[in-house]
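Peer 1: Next up is a structure, given as structure tokens.
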Amino acid sequence: MRPDLSVVLPVHNQADHIADLLGRYARAFNKKNWEIILVPNACRDNSPTLCRQIAVRYPFIRVVETHQGGWGLAVHAGLRKARGKFLCYTNSARTDPQTITRLFEKFKKNPEGLMKVHRRWRGNLLREGGSWLYNLECRWLLGLGTWDVNGTPKILSAELFGKLSIRSRGDFWDAELLSQCRRLKIPVSEMPLEGWARHGGKSLMSLKSAWRLYREPFRFFMNQGLRNRW
């Protein structure tokens, strides 16, 4: 039977908490016609081994491993292997399964569009300021209407995903997704999310990666965003 929803969870060096986290996901989704796709990517710990061990215990969990790093690469790899009618992807280090359940219930009211969360507070003034700057870039250069471009979970139909052609394999993946939805006039809805926290591990965002992220909207705008906007 085709799953109603495929949930893609990229995993990167999360051996310290991934077993407990996936146990919570398995208990929450056990009675649903959903599947979970774990995507260990460029891990330097035993996260891939733990993911495979957990997948053996639960038939609705699959593992798609990539040896290259990159948020967009991991998301894309998981979505391409997904079998569900609807697709979800999210940051596994900071998403509770209940958030996905709530978001999917709202998404089903308008399944032709894209549904995402809008994080109200990231718990850190520096990260909050950096995120505001990036979202301002995306609004100004790409015409995006959200103040949380990278907010996950995001849910869309497999049919819609098949119409998209997202080239980014890094952190710009989400902005490119929203830009293509804008171009195709796909409605984007948001669910406010407050009080979220990391389950474990450390954020991968450094000054170097932040600079690369801030640079991408300009590159996209000059390469194709300019002609798509007007």
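The values are calculated or read from the model by the stated rules, or taken from the named source; none is laboratory data. Here the structure is a predicted model, which is why all the values come from computation and not from measurement. Methodologically, a virtual Cβ is constructed for each residue, glycine included, from the backbone with ideal geometry; neighbour enumeration extends over all protein chains shown. Please note that ligands, DNA and RNA were not included when accessible areas were found on the heavy atoms of the full protein model with its side chains. Shrake-Rupley method; radii C 1.70, N 1.55, O 1.52, S 1.80 Å.
Peer 1: State all residues of segment 40-88 that are touching a His at 6+ places or on another chain (Cβ under 9 Å) and closer than 20 Å to Lys116 by Cα; if no residue qualifies, say none.
Peer 2: Of everything in segment 40-88, those that are touching a His at 6+ places or on another chain (Cβ under 9 Å) and closer than 20 Å to Lys116 by Cα turn out to be Trp71, Ala74.
Peer 1: Still on this model: Give the residue that is nearest to the chain's Cα centre (by Cα), with candidates limited to residues of segment 22-40 that are open to solvent by less than 30 Å² (accessible area, probe 1.4 Å) and more than 18 Å from Pro153 (Cβ to Cβ). If you could, list the steps in order and put the result at the bottom.
Peer 2: Taking segment 22-40 first, the residues open to solvent by less than 30 Å² (accessible area, probe 1.4 Å) are 22-23, 25-26, 29, 34-40.
Next cut, more than 18 Å from Pro153 (Cβ to Cβ) only: 23, 40.
Numbers: Gly23: 20, Pro40: 14 Å.
It comes out as Pro40.
Peer 1: Another one. Filter segment 55-73 down to the residues that are in contact with a Phe, Trp or Tyr (Cβ under 9 Å, 6 or more places away or on another chain) and in a helix (DSSP H, G or I) and list them by number.
Peer 2: Within segment 55-73, Trp71, Gly72, Leu73 meet the criteria.
Peer 1: Residue under question is Arg52, and the condition is that it be open to solvent by 40 Å² or more (accessible area, probe 1.4 Å), more than 18 Å from Asp96 (Cβ to Cβ) and either of a type outside the set (Phe, Trp, Tyr) or outside any loop (DSSP other than H, G, I, E, B) (or both); does it hold? Talk me through it step by step, then tell me what you get.
Peer 2: Working: open to solvent by 40 Å² or more (accessible area, probe 1.4 Å): yes; more than 18 Å from Asp96 (Cβ to Cβ): yes; either of a type outside the set (Phe, Trp, Tyr) or outside any loop (DSSP other than H, G, I, E, B) (or both): yes.
When the stated conditions are applied, Arg52 passes them.
Peer 1: Restricting attention to segment 63-81, which residues are open to solvent by 10 Å² or more (accessible area, probe 1.4 Å), at pLDDT 95 or above and under 25 Å from Asp148 (Cα atoms)? I'd like the intermediate steps shown before the answer.
Peer 2: Narrowing segment 63-81 to residues open to solvent by 10 Å² or more (accessible area, probe 1.4 Å): 63-71, 73, 76-77, 80-81.
Within this subset, residues satisfying the condition of being at pLDDT 95 or above are 63-66, 71, 73, 76-77, 80-81.
Within segment 63-81, Trp71, Leu73, His76, Ala77, Arg80 qualify.
Peer 1: Quick one: which of Arg182, Arg169, Arg102, Arg127 is over 29 Å from Arg83 (Cβ atoms) and either surrounded by fewer than 17 Cβ atoms within 10 Å (Cβ to Cβ) or among the charged types (D, E, K, R) (or both)?
Peer 2: Working: Arg182 fails: over 29 Å from Arg83 (Cβ atoms); Arg169 fails: over 29 Å from Arg83 (Cβ atoms); Arg102 fails: over 29 Å from Arg83 (Cβ atoms).
Selected residue: Arg127, the only one of Arg182, Arg169, Arg102, Arg127 that is over 29 Å from Arg83 (Cβ atoms) and either surrounded by fewer than 17 Cβ atoms within 10 Å (Cβ to Cβ) or among the charged types (D, E, K, R) (or both).
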